[in-house]
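See structure below.
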Amino acid sequence: MTVKELVVISGKGGTGKTSIVASLAALARKSVLADCDVDAADLHLLLTPEILRETEFIGGLVAETKLDICTQCGKCAEVCRFGAILGNYAIDPLACEGCGVCVRSCSQGAIRMKDRVSGRWFISDTRFGPMVHAQLGIAEGNSGKLVSLIRSEARRIAEEREYSLIISDGSPGIGCPVIASIAGATAVLVVTEPTVSGIHDLERVAELTGHFKIKTLVCINKADINPENTKIIKQIALERKFIVVAEIPYDNIFTRAQMQALSVIEAGDGEAVSNIRTLWEAVKHEIM
Amino acid sequence: MHGKVQIVIASGKGGTGKTTLAVTLAARYAASGKQVALLDCDVEEPNANLFLKTEIRVTETVYTPVPRVDEDHCTGCGKCEEVCNFNAIVLIKKRPLVLPDMCHSCGGCVSACPEGVIYEVQKEIGTIEEGYGDHIVYAGGRLKIGEPIAPPLIKALKSYCFSADIRIIDAPPGTSCPAVESLRESDCAILVTEPTPFGLNDLKLAVGVVRRLGIPFGIVINRSDVGDNSVVDYCSSENIPLLASIPHSRQIAESYSRGDIIQGFQEIFPDAFADIMSFVKQYARSGKGA
């Protein structure tokens, strides 16, 4: 069985990605969930996962100076391009990229590279299926590598337990973690909103999914906030051959559901809920 | 205010109102006669100028160095592949292949090559746009589509507009490299959040980052009436100054959607900035300025 993977992204933050992912999880009943927004993961707040396995994530390397051996020659500070060598020749771990150039420059052998524990990742069970998620450490980098790890674990679980669908919650933006979360996916669902910034960011996401040649679906959330802009979004979608799979009106059920740690689908009914159901049918039709 | 100040507007969660606060605060300072610079460091999705509407006068392209190998003189020794900690050079049949998207521009391969046949070329990573409005200078980064690494562009952007009295940095969401790069060297931070479980969870992450960087900070709660009291309780238990609570307003949401937030915001919430401005004032560095 081939495993399909739907990645939900947005460009602009706060458009409702995580609420949509939890709702799709509730409707799919049988899917593997992956929270690829490792910078600011929130899906666990709706799916209340029971953690079965927890593993340290080694994101890369970080330099460390043995100050008792260091002769303060200053060579490391000269070669480091990241401003990571502090005044006393200790290393600023927040600035260090882990390249190791300083280690090779040091005539005294006073600097070494060590593993950098950049976070933790988890395999869990939720009421809608297995979930792979993570917590990046405070101010840690290399989120792209962690996203790739989460996706490959989600895929492994899906294949082993014969799940046909992975639903991933992506992060805002178009940089490293987003690129890592969409590369090779079956389709991307962009959750946008009819605001000037929503449109602007949608266009940039559209260029990105075009760049990687990934099938793109669009969901317009809070569609009634600005009907003119909703029309503009539909026009953009048409021009780029994206499929608009749903328009969801502004509804505080998104917030109410969040307060109860539920998906929107579980929190009540109304137009927003029925439009999310339509969204799921359309997504199924497009990718399964 | 005496002296200059760099304020960073940040949040863990996206869509909490960072840009709204950044542009309205910039306009508020400008109205009081200050020279204000707004630096849009959300280079993946720069939105501030959709609201500021300054006319872009200058666009500069930003580059980062990446290696290129003079293949005619390469012996295929593999030293470059060995020293690269980012897997940005791989040897295929004794020929080095450079993967520029993986490269962190550390220069390690260049100095490691025993033949001296690796040199650096400039790769475009994005642009910086500069515009001028009423007492506001705008500079914003725009990451090239498909380019994964934002921090060098943010770093370049932060060298702009140093002459302003007040530099307002609009940071990207999240807590990793781009957010950290945007926050660095600021005199104070304002974290914008929502009173919801997502808002609180991501706020705690952002607080962890600003504390680790040693930046004094306060909190603004946006759409303060949509959720519960948990953020207010968190602020008081952690002794974090709560600088403003801005209630949800459908009217503001609609004017935001059209891109004209600045005037409407000041009309509806004329007092929103009082505590923010007196908080910021404490962290102004002495020296020349207004």
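The values are calculated or read from the model by the stated rules, or taken from the named source; none is laboratory data. Being a predicted model, the structure only gives us computed values, none of them experimental. No Cβ is skipped: glycine too gets one built from the backbone with ideal geometry, and neighbour counts run over all protein chains shown.
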*asked:* A:LEU94 - would you say it is surrounded by 16 or more Cβ atoms within 10 Å (Cβ to Cβ) and at pLDDT below 95?
replied: yes
*Filter region B:61-90 down to residues that are under 30 Å from the mean Cα position of the chain (by Cα) and exposed (fewer than 13 other Cβ atoms within 10 Å of the Cβ), then give me how many there are.*
2
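Would you mind stating whether A:GLN135 is within 14 Å of chain B (Cβ to nearest Cβ) and either under 30 Å from B:LYS144 (Cβ atoms) or not acidic (Asp, Glu) (or both)? Reasoning before the result, please.
Numbers: within 14 Å of chain B (Cβ to nearest Cβ): yes; either under 30 Å from B:LYS144 (Cβ atoms) or not acidic (Asp, Glu) (or both): yes.
Spelling it out, A:GLN135 is indeed within 14 Å of chain B (Cβ to nearest Cβ) and either under 30 Å from B:LYS144 (Cβ atoms) or not acidic (Asp, Glu) (or both).
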*Name the pairs whose Cβ atoms lie under 8 Å apart, with the first residue in region A:106-120 and within 12 Å of chain B (Cβ to nearest Cβ) and in contact (Cβ under 8 Å) with a residue 40 or more places away in the chain, the second of a type in the set (Phe, Trp, Tyr) and surrounded by 13 or more Cβ atoms within 10 Å (Cβ to Cβ), and 6 or more positions between them or separate chains?*
A:SER118/A:PHE57; A:GLY119/A:PHE57
_So, restricting to strands (runs of 3 or more DSSP E) that lie completely within region A:1-98, which ones have at least 1 residues that are touching a Phe, Trp or Tyr at 6+ places or on another chain (Cβ under 9 Å)?_
A:32-35, A:50-65
_Of the criteria (1) crowded, with 22+ Cβ neighbours inside 10 Å; (2) at pLDDT 95 or above; (3) within 14 Å of chain A (Cβ to nearest Cβ), which one B:GLY12 fails_ = (2)
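For region A:221-233, state whether one or more residues are more than 9 Å from chain B (Cβ to nearest Cβ), touching a Phe, Trp or Tyr at 6+ places or on another chain (Cβ under 7 Å), buried (at least 24 other Cβ atoms within 10 Å of the Cβ) and aliphatic (A, V, I, L, M). First the steps, then the outcome.
So in region A:221-233, the residues more than 9 Å from chain B (Cβ to nearest Cβ) come out as A:221, A:223-224, A:227, A:230-233.
Those left that are additionally touching a Phe, Trp or Tyr at 6+ places or on another chain (Cβ under 7 Å): A:224.
From what's left, buried (at least 24 other Cβ atoms within 10 Å of the Cβ): none.
Within region A:221-233 (the criterion being more than 9 Å from chain B (Cβ to nearest Cβ), touching a Phe, Trp or Tyr at 6+ places or on another chain (Cβ under 7 Å), buried (at least 24 other Cβ atoms within 10 Å of the Cβ) and aliphatic (A, V, I, L, M)), the answer is no, since none of the residues qualifies.
Yes/no matrix, rows are residues, columns are (1) within 14 Å of chain B (Cβ to nearest Cβ); (2) within 28 Å of B:ALA206 (Cα to Cα); (3) touching a residue at least 60 places away in the same chain (Cβ under 8 Å); (4) of a type in the set (Lys, Arg):
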site: A:GLU159; (1), (2), (3), (4): no, no, yes, no
site: A:CYS176; (1), (2), (3), (4): yes, yes, no, no
site: A:ILE182; (1), (2), (3), (4): yes, yes, yes, no
site: A:THR186; (1), (2), (3), (4): no, no, yes, no
*Of all residues making up region B:149-183, the number that are more than 13 Å from chain A (Cβ to nearest Cβ), β-branched (Val, Ile, Thr) and either over 12 Å from the mean Cα position of the chain (by Cα) or surrounded by fewer than 23 Cβ atoms within 10 Å (Cβ to Cβ) (or both)*: 1
*Looking at (1) surrounded by fewer than 23 Cβ atoms within 10 Å (Cβ to Cβ); (2) β-branched (Val, Ile, Thr); (3) in contact with a Leu (Cβ under 6 Å, 6 or more places away or on another chain); (4) more than 11 Å from chain B (Cβ to nearest Cβ), which is the only condition A:ILE167 fails?*
(1)
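Restricting to region A:1-30, and then to whatever is among the hydroxyl-bearing types (Ser, Thr, Tyr) and surrounded by 24 or more Cβ atoms within 10 Å (Cβ to Cβ), can you tell me which residue is farthest from the other protein chains (Cβ to nearest Cβ)?
Quick first cut of region A:1-30, residues among the hydroxyl-bearing types (Ser, Thr, Tyr) only: A:2, A:10, A:15, A:18-19, A:23.
Next, only the ones that are surrounded by 24 or more Cβ atoms within 10 Å (Cβ to Cβ) stay: A:10, A:15, A:18-19, A:23.
Details: A:SER10: 8, A:THR15: 6, A:THR18: 7, A:SER19: 9, A:SER23: 15 Å.
This residue is A:SER23.
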*What number of residues in region B:213-263 are at the interface with chain A (Cβ under 10 Å from one of its Cβ atoms), modelled with pLDDT of 95 or more, more than 20 Å from B:PHE198 (Cβ to Cβ) and assigned to a loop (DSSP other than H, G, I, E, B)?*
1
*Is it the case that some residue within region A:65-77 is within 14 Å of chain B (Cβ to nearest Cβ) and buried (at least 20 other Cβ atoms within 10 Å of the Cβ)?*
yes
_If A:ILE248 satisfies all but one of (1) hydrophobic (A, V, I, L, M, F, W, C); (2) within 14 Å of chain B (Cβ to nearest Cβ); (3) more than 30 Å from A:MET1 (Cβ to Cβ); (4) out of contact with any Phe, Trp or Tyr (no Cβ under 6 Å at 6 or more places or on another chain), what's the number of the condition it fails?_
(2)
*From the residues in region B:184-198 that are facing chain A (nearest Cβ under 9 Å) and buried (at least 23 other Cβ atoms within 10 Å of the Cβ), which one is nearest to B:LYS4 (Cα to Cα)?*
B:GLU194
*Among (1) of a type in the set (Gly, Ala, Ser); (2) more than 12 Å from chain B (Cβ to nearest Cβ); (3) in contact (Cβ under 8 Å) with a residue 24 or more places away in the chain; (4) assigned to a helix (DSSP H, G or I), where does A:SER124 come up short?*
(4)
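In this structure, does A:THR55 turn out to be polar (S, T, N, Q), within 14 Å of chain B (Cβ to nearest Cβ) and surrounded by fewer than 19 Cβ atoms within 10 Å (Cβ to Cβ)? Break it down stepwise before answering.
Working: polar (S, T, N, Q): yes; within 14 Å of chain B (Cβ to nearest Cβ): no; surrounded by fewer than 19 Cβ atoms within 10 Å (Cβ to Cβ): yes.
Here the answer is no, as A:THR55 does not meet what is asked.
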*For B:LEU205: the one exception among (1) in contact with a helix residue (DSSP H, G or I) (Cβ under 7 Å, 6 or more places away or on another chain); (2) crowded, with 19+ Cβ neighbours inside 10 Å; (3) under 24 Å from A:PHE254 (Cβ atoms)*: (1)
*Given B:GLU82, B:GLU129, which one is within 12 Å of another protein chain (Cβ to nearest Cβ) and at negative phi?*
B:GLU82
*Are any residues in region A:235-245 away from every other protein chain (no Cβ under 14 Å), surrounded by fewer than 17 Cβ atoms within 10 Å (Cβ to Cβ) and either in contact with a Cys (Cβ under 7 Å, 6 or more places away or on another chain) or not hydrophobic (A, V, I, L, M, F, W, C) (or both), and if so, which ones?*
A:GLN235, A:GLU239, A:LYS241
*Where a residue in region A:56-78 is closer than 15 Å to A:VAL101 by Cβ and its partner, wherever it lies, is surrounded by 12 or more Cβ atoms within 10 Å (Cβ to Cβ) and basic (Lys, Arg), with Cβ under 9 Å and at least six apart*: A:GLY60/A:ARG116; A:GLY60/A:LYS145; A:LEU61/A:ARG116; A:VAL62/A:ARG116; A:ALA63/A:ARG112; A:GLU64/A:ARG112; A:THR65/A:ARG112
*Kindly provide the set of residues from region A:252-281 that are in a helix (DSSP H, G or I), within 14 Å of another protein chain (Cβ to nearest Cβ) and not basic (Lys, Arg), ordered by number.*
A:ILE253, A:PHE254, A:THR255, A:ALA257, A:GLN258, A:MET259, A:VAL264
